[in-house]
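Undergrad: The structure under discussion is supplied below as structure tokens; questions concerning it will follow.
The values are calculated or read from the model by the stated rules, or taken from the named source; none is laboratory data. These numbers come from a predicted model, not from an experiment. Reconstructed Cβ throughout: ideal geometry from the backbone, glycine too, with neighbour counts over all protein chains shown.
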Amino acid sequence: MCFWWPTKLRLNNSGIMGCHNPLFRLAAGQTVLLHVESRQMVNFSRRSPLWKSALLSAMLLSVATSGCVKVPVRVPAKTEGPEGKLVDPSTIQPGTTTREQVLRDWGWSDSHVDSERLFVGSMRRSTRKDTGFYVGAAIPVYMGNEREWEIQNLFLEFDEKGVVTKGYFVSDFHLVHELASCAARTSPPALDLSKAIRIKSNINLKSLPPVFHSHYMGNGTLVLAADALEFHPDSEAANNHPVRVAPHQLKGFRDCGKDKCLELGGMSRDYSIAELSLGPADVFTILRYLRQLAPSAISSAE
């Protein structure tokens, strides 16, 4: 049985000095939340009156839920390149490195965002380790640590001459926000909508809380046209009729975890949100579409 403790710990000779809002998550799905209202460090030194109660709580938790605890620890970042070899993004120098050099040296990661002013490369990156302890005995037993890896996106912005002005990493959880900000700074050209643009995606139409209804289309196609946006499910999907939305009904576009959510107005409650699985290039295309036809839909994302 494992627990997750996503908090920073500070250690000295007297042991754990403090933590903020620790969250223990059981493998079976049960969650116990210990909420600390004060933002001051909670002192668990042996001189503190909290020491005995903290120790007793830890012992009771240990007896009831013996297993492992993982504590994330920040470590120097590492970035993987082709074939798992480590690469160094710091070789990209703002004010010096050109777009041609980026495409030559980092083209293997290119997500093909359609912009002369922006490069987005997707790669595996690690910025933390999970340190494990076994609990259930009188003294927690250290069980080692290992790096956590995730897909992150290297954003490189260019000036009018094609020279890098800034570079930074963005998680998949923040793609809409960061790409909307980039679009606001760089003003990409308008899309040619004389012919509809088709984007493949996993599509899930659902209601707003507190009532949860979901119409899962599965793999399908977003059709971006000058007069409407349409959701076309694949023919084998159970709910296989297309859904058409006028530009004025597009109310918001935002990150919702790794997926992206398009909020719809003037629809039945069960069709209030379209949950989409999109990469950086498709997110940027939809943002450009909304900038042309429904700019208020991205005002909150910028």
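Undergrad: Give the residues of segment 154-204 that are assigned to a strand (DSSP E or B) and within 19 Å of the chain's Cα centre (by Cα), sorted by residue number. Full working, then the answer.
TA: Kept after step one, since they are assigned to a strand (DSSP E or B), are these residues of segment 154-204: 154-158, 163-171, 197-204.
Hits for segment 154-204 are Leu154, Phe155, Leu156, Gly167, Tyr168, Phe169, Val170, Ser171, Ser201, Asn202, Ile203, Asn204.
Undergrad: Which residue is modelled with the lowest pLDDT, if the candidates are limited to segment 216-240 and must be of a type in the set (D, E, K, R) and part of a loop (DSSP other than H, G, I, E, B)?
TA: The first filter runs over segment 216-240 and keeps only residues of a type in the set (D, E, K, R), leaving 227, 230, 234, 236.
Checking the rest, the ones that are also part of a loop (DSSP other than H, G, I, E, B) come to 227, 234, 236.
Details: Asp227: 96, Asp234: 81, Glu236: 63.
It comes out as Glu236.
Undergrad: Is there a residue in segment 241-248 that is among the charged types (D, E, K, R), touching a Gly at 6+ places or on another chain (Cβ under 6 Å) and at pLDDT 90 or above?
TA: No, segment 241-248 contains no residue that is among the charged types (D, E, K, R), touching a Gly at 6+ places or on another chain (Cβ under 6 Å) and at pLDDT 90 or above.
Let's see how each residue does on (1) modelled with pLDDT under 85; (2) closer than 26 Å to Cys182 by Cβ:
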| position | (1), (2) |
| --- | --- |
| Leu50 | yes, no |
| Gly84 | no, no |
| Pro94 | no, yes |
| Gln101 | no, yes |
| Gly107 | no, yes |
| Leu118 | no, yes |
| Gly121 | no, yes |
| Arg124 | no, yes |
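Undergrad: Go through (1) among the small types (Gly, Ala, Ser); (2) at negative phi; (3) in contact (Cβ under 8 Å) with a residue 40 or more places away in the chain one by one and return the number of the condition Gly257 breaks.
TA: Of the numbered conditions (1) among the small types (Gly, Ala, Ser); (2) at negative phi; (3) in contact (Cβ under 8 Å) with a residue 40 or more places away in the chain, the odd one out for Gly257 is (2).
Undergrad: Next up: Take the residues in segment 216-230 that are surrounded by 13 or more Cβ atoms within 10 Å (Cβ to Cβ) and more than 24 Å from the chain's Cα centre (by Cα), then tell me which one is farthest from Arg244 (Cα to Cα). Write out each step before concluding.
TA: Initially, segment 216-230 is screened for residues surrounded by 13 or more Cβ atoms within 10 Å (Cβ to Cβ), giving 216-226, 228-230.
Adding the requirement that they be more than 24 Å from the chain's Cα centre (by Cα) leaves 223-226, 228-230.
Details: Val223: 9, Leu224: 10, Ala225: 11, Ala226: 12, Ala228: 7, Leu229: 6, Glu230: 4 Å.
Applying the filter and picking the extreme gives Ala226.
Undergrad: Read through the list (1) in a helix (DSSP H, G or I); (2) surrounded by fewer than 18 Cβ atoms within 10 Å (Cβ to Cβ), then give the number of the only condition that Arg288 fails.
TA: Single failed check for Arg288: (2).
Undergrad: Would you call Val163 of a type in the set (Val, Ile, Thr), modelled with pLDDT of 95 or more and in the same structural domain as Val245 (by TED's automatic domain parsing)?
TA: Numbers: of a type in the set (Val, Ile, Thr): yes; modelled with pLDDT of 95 or more: yes; in the same structural domain as Val245 (by TED's automatic domain parsing): no.
Judged against the criteria, Val163 is not a match.
Undergrad: Show the residue pairs meeting these rules: Cβ distance below 8 Å; 6+ apart or different chains; first residue within segment 97-119 and surrounded by 13 or more Cβ atoms within 10 Å (Cβ to Cβ) and among the β-branched types (Val, Ile, Thr); second residue modelled with pLDDT of 95 or more and assigned to a loop (DSSP other than H, G, I, E, B).
TA: Final answer for the pair search is Thr98/Gly162; Val102/Ile92.
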